[in-house]
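Here is the structure we will look at, set down as structure tokens.
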Amino acid sequence: MRRAGPVLVLLLLVALAVYPPFGTGYGHRAVIQIFMWVALAGSWNIISGLTGYVSFGHVAFFGAGAYTAGILIASVGWPWPLAALAGGIAAGVLALAIGWPCLRLKGPYFAIAMLGLNEVLRALVSYFERLTGGGNGLSLPTLDANIPIYYAMGLMAVVVTLIARLIIASRFGLRLMTIREDEVAAEAMGIDTFQHKLFAFLLSAIPAGIVGALAARDQGYIEPLSVFPLATTITMIVMTLFGGKGTVWGPVLGAVVLFVTQEMVWARYPYIHPLLFGAIIVAVVLAMPRGVLGLLQIKYRLPRTI
Amino acid sequence: MNVVITPAMIGQVIISGILSGTLYAMVALGLALIFGVMRIINVAHGPLLMLGAYTTYFLYSGLNLNPYLTVPVSMAVLFVVGLVLERTLVFRVIDAPELSSLLLTFGISIALVNGAQLAFTSDLRSVEFLTGSWILGAFAFSKSRVIAFAFAAGLTAAVFLFLTYTRVGKAIRATSQSRDVAMVCGIDVGAIHRLTFGLASALAGAGGALIAVIVAIQPEMGQIWTFKSFLVIVLGGAGNYPGALVGGMLLGLVEQLASLFLTTQLSEVVAYVLLVLVLLVRPTGLLGGRQT
């Protein structure tokens, strides 16, 4: 079993890598979406699952990346891979600006600051109309193939999961988890908690920005409502909580299971599914705070690093 | 924009700021009470306010009631909703890590907003009751805002009197100072938690009822109030109840000033910058509060 894990992962990656020539347009689109949610849920997991600081506005980084890349592609004519990196940098800068004042403090300050950030960015995007197109949105020049986006998004899903794996197995990760369990004790042990939280926040925000940039390139059109929806943050949170926060594979499991369920079942009942998401959050927090993977870890004595 | 700022405009800004600031203070007092007593930031506070606004709307459009007569009804309804939420869900996370209570109330808030979308649709609704303004010299007083101010000031004063002079109020303050000592003194801490949550929800309900006459009602109207209420208690100092009053006034004034010098579109951005500045310079709030 222990040996089978890496082999299975490798096989899955190879299968996904050779899939595009055989797949249909819908198949590509669906897999890109799954990659995107794996990367987004994984990025939320790094700050909130590992450090315990809840980011209620993670979609802000997604949106910041999307708008940065969108403007650079549409107005300046940058190639999209470069624009995607710039989107990541923009998200990182934003994370520094928010993290610097809010992560020095303990308590709910960070969570609520993130809750407001989304509204603020949406207002700013609407206000700076000449740059962003305001409410009319921003159209990107058309790009015929979405195969490169497929690989780029897949790479992001792998990178985010790998980051989580590396963190969890490292001393840095142990320190983050100490902060999560008892921040005062962590400080007493000499951990520079502010610096650790800020670094985790950057590692969490930058991938979300790059993913936002890739999604903007993929959709070819962005507007404030499509790029900053609270629903995106909610989905990241639900996926991570369901799969198991603070684990490597929890966000992956949650993203795949919930995305497939969403496509097959809930797509027919679009109005009820946010309500279900709210109910899932409440139920998971109360009944299985460590998610599905957490339950499996305890039941089958699986290693902590999955 | 080259606007000449006259003293009358400044006066108007101060008046409008105080009018809306009192409303902020009342709603934020609810959030501050829950935080002080239970150490929980209730992310669902704004959506509870939205429920209060819908209560008033339906009583107004269905039974043709004067919306100001529905304020006690909205408060009673929300008191019960708060009580039920605490008794069934929230009490389970009081001693849990902060992450649990934040996520739980976030889940409740999503469920409330989307429940409202399902039940009431996302259509904008309004209570067109008192429109227009009273003119007094150079100043205009929006009628609905003046009455909202009067209600908010009265209710806030009533809550402070209740907290200061009644036995139950003292028990609430005792629990907020030290739960263990309160328990040793024979206070039923669980009951105090329920009561506090109900009272705080009732304040959100009153806020919703008063706002229903001022702005359009829709399921997503509440979330921004969670953020603004939090901003108010950060300005005043978390856990410092009178601080909520100061914080509310300050937020009201800053928003009005922002709409005078910039544009109303950016008033939320200004409020946000204010939050970040306060957290940078004086995270314990202007009046000082307790660190968590």
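The numbers here are math on the coordinates, done by the rules we state, and not lab data. If you're wondering where the values come from, they're calculated on a predicted model, not measured in any experiment. Don't worry about glycine lacking a Cβ; one is built from the backbone with ideal geometry, like all the others, and counts go over all protein chains shown.
Karplus-based coupling profile of the stretch B:173-183, in residue order and whole Hz: 5, 4, 4, 6, 6, 7, 5, 5, 5, 4, 5, with θ = phi - 60° in 6.51 cos²θ - 1.76 cosθ + 1.60 and x standing for Gly or Pro.
Of the residues A:Ile191, A:Pro224, A:Gly27, the one whose Cα sits farthest toward the positive end of the charge dipole of the stretch A:24-229, with +1 on the Cβ of Lys and Arg and -1 on the Cβ of Asp and Glu, is A:Ile191. For the peptide A:113-122, the mean number of other protein chain Cβ atoms found within 10 angstrom of a residue's Cβ is 6.
Dipole magnitude of the stretch A:24-229 about its Cα centre, charges +1 at Lys/Arg Cβ and -1 at Asp/Glu Cβ only, in debye to the nearest 20?
Numbers: 11 positive and 10 negative charges, 39 e Å.
Its charge dipole is roughly 180 debye.
Peptide B:270-282 has a mean of 4 when you count, residue by residue, the C-beta atoms of other protein chains within 10 Å of its C-beta.
Return the whole-Å distance between the Cα centroid of the stretch A:166-245 and the Cα centroid of the stretch A:88-128. Centre-to-centre (Cα) distance: 13 Å.
Once each of the trypsin sites (Lys or Arg not before Pro) sitting in a DSSP loop with at most 12 other beta-carbon atoms within 10 Å is removed, chain A keeps A:4-300 as its longest stretch. Which value in nm describes the separation of the simple spin-label points at A:Glu263 and A:Leu143, placed 7 Å from the Cα toward the beta carbon? In this crude spin-label approximation the distance works out to 2.1 nm.
Could you work out how far the C-alpha centroid of the stretch A:1-67 sits from that of the stretch B:194-260, in angstrom? Centre-to-centre (Cα) distance: 38 Å. Relative contact order, whole percent, for the stretch A:24-229 stands at 45, derived from Cα pairs under 8 Å and 6 or more residues apart. The 3J(HN,Hα) values that the Karplus relation (6.51, -1.76, 1.60; θ = phi - 60°) gives for the stretch A:56-64 are, in residue order, 7, x, 4, 5, 4, 6, 4, x, 4 Hz. Gly and Pro appear as x.
For chain B, the relative contact order comes to 37 percent (Cα pairs under 8 Å, sequence separation of at least 6).
Is there a simple number for the mean count of other chain Cβ atoms within 10 Å of the Cβ of residues in A:43-56, and what is it?
Details: counts 0, 0, 0, 0, 0, 3, 1, 0, 1, 5, 3, 8, 0, 8.
Per residue, the average neighbour count from other chains is 2.
Counting other C-beta atoms within 10 Å, which of A:Tyr150, A:Tyr19 has the fewest, and how do the rest follow?
Working: A:Tyr150 23, A:Tyr19 14.
If I rank by nearby Cβ atoms, fewest first, I get A:Tyr19, A:Tyr150.
Quote to one decimal, in nm, the extra length available between B:Asp180 and B:Glu220 on full extension: 0.36 nm per residue of separation minus the C-alpha distance between them. Walk me through the numbers before you get to the answer.
Working: separation 40, 0.36 × 40 = 14.40 nm, distance 3.83 nm.
Length gained between B:Asp180 and B:Glu220: 10.6 nm.
Between B:Gln265, B:Gln177, B:Gln256, the GNM of chain B built on Cα springs shorter than 10 angstrom shows B:Gln265 fluctuating the most. The charge dipole of chain B, taken about its Cα centre with unit charges on the Cβ of Lys, Arg, Asp and Glu (plus for the first two, minus for the last two), comes to roughly 540 debye.
As a calculated quantity, the FRET efficiency between A:Tyr127 and B:Ile5 at R0 = 30 Å, using C-beta atoms, amounts to about 0.85.
Spatially, the stretch B:20-81 and the stretch B:105-152 are offset by 11 Å when compared through their Cα centroids. The HN-Hα couplings worked out from phi for the stretch A:130-140 by the Karplus form 6.51 cos²θ - 1.76 cosθ + 1.60 (θ = phi - 60°) are 5, 7, 9, x, x, x, 6, x, 9, 9, 9 Hz, whole numbers, x standing for Gly and Pro.
Of all the options B:Thr226, B:Thr196, B:Thr264, the one that moves most in a Gaussian network model of chain B with Cα springs shorter than 10 angstrom is B:Thr264. Whole-percent P(r), the stretch A:71-198, all Cα pairs, 10 Å bins from 0: 10, 27, 32, 21, 9, 1. A straight Cα-to-Cα reach below 14 Å connects B:Lys170 with the aspartates and glutamates B:Asp188, residues fewer than 8 places away in its own chain not being considered.
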